[in-house]
Structure formats: structure tokens, C-alpha cells
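Engineer: I have a structure I would like to understand better, so I am pasting it below and will then ask my questions one at a time.
The values are calculated or read from the model by the stated rules, or taken from the named source; none is laboratory data. Computed from a predicted structure; not experimentally measured. Every residue, glycine as well, gets a Cβ built from its backbone with ideal geometry; the counts of neighbours run over all protein chains shown.
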Amino acid sequence: MFRRRPSDAAATVTLTVDGETLSVRPGESVAAALLLSGRAEARATAVSGAPRGPYCMMGVCFECLVSIDGVGNRQACMVEATDGMRVERQMGVRRIGAA
């Protein structure tokens, strides 16, 4: 399980992941928010449905792809969480033209 280091920071930003509200510290990535909330799985592969999650945390591996504010295939480790952000995990085959 991932945990934050102790801090005096009281400020938070609020985002939703698959409809559930999360509060994270300013400056934390979407991938960190997923891991801290206990969601190790950011997506499932299109062919086999195998779970994938944040791995390198520096934008090299593309295992943490999620949909952010309706835009798919965003690297969660490279996007800073912002107030009001809507995140959806990409589970399996994505339908083109689906809303």
C-alpha cells in the first residue's frame, strides 16, 4: 500500500476517479492519486484484459493510460491532478466515437 510522507500541507485538490471523489495534495500526479486511493489498476489491455497500472512514474512505459476530462490515452503519471478533474480508468477495448 502506498502512503504519503507526513506533511503540514492542509491544501487539497478534489478530483473524481470512476465517479468516486478523491482529495489529493496540490502537485501530486493522477497516478499518485490512483495508487494512494488503493487503485493499482489504471487500465486493462484491449486484447487480453490484463490489468496494468503505474509502473515507471516518469512517462516511459505507458502502463498508466487513463481518460482525463474525456480525453483518452493520457499518461496518469505525467498529469498533475487539478481541482474538478474527471478521471476514468480505461478498461479493455475503447469504442471509437463513444461518448
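Engineer: Pairs needed: first member in the stretch 39-53, farther than 13 Å from Arg89 by Cβ; second member anywhere, modelled with pLDDT of 90 or more and in a strand (DSSP E or B); C-beta distance under 7 Å; at least 6 residues apart or different chains.
Structural biologist: Qualifying pairs under 7 Å: Ala50/Ala44.
Engineer: Name the residues in the stretch 72-91 that are over 8 Å from the mean Cα position of the chain (by Cα), β-branched (Val, Ile, Thr) and either over 18 Å from Tyr55 (Cβ atoms) or not in a loop (DSSP other than H, G, I, E, B) (or both), would you?
Structural biologist: Selection gives Thr82 alone.
Engineer: If I ask for residues that are out of contact with any Leu (no Cβ under 9 Å at 6 or more places or on another chain) and either farther than 25 Å from Ala11 by Cα or at pLDDT below 70 (or both), which ones from the stretch 81-99 would you list?
Structural biologist: Residues satisfying the conditions are Met91, Gly92, Val93, Arg94, Arg95, Ile96, Gly97, Ala98, Ala99.
Engineer: Sticking with this structure for a sec: Given the structure, is Met85 of a type in the set (A, V, I, L, M, F, W, C), under 24 Å from Arg25 (Cβ atoms), loosely packed, with under 13 Cβ neighbours inside 10 Å and in contact (Cβ under 8 Å) with a residue 12 or more places away in the chain?
Structural biologist: Details: of a type in the set (A, V, I, L, M, F, W, C): yes; under 24 Å from Arg25 (Cβ atoms): yes; loosely packed, with under 13 Cβ neighbours inside 10 Å: no; in contact (Cβ under 8 Å) with a residue 12 or more places away in the chain: yes.
So Met85 fails the test.
Engineer: Within the stretch 45-81, work out how many residues are touching a Gly at 6+ places or on another chain (Cβ under 7 Å) and either charged (D, E, K, R) or surrounded by 16 or more Cβ atoms within 10 Å (Cβ to Cβ) (or both).
Structural biologist: 5
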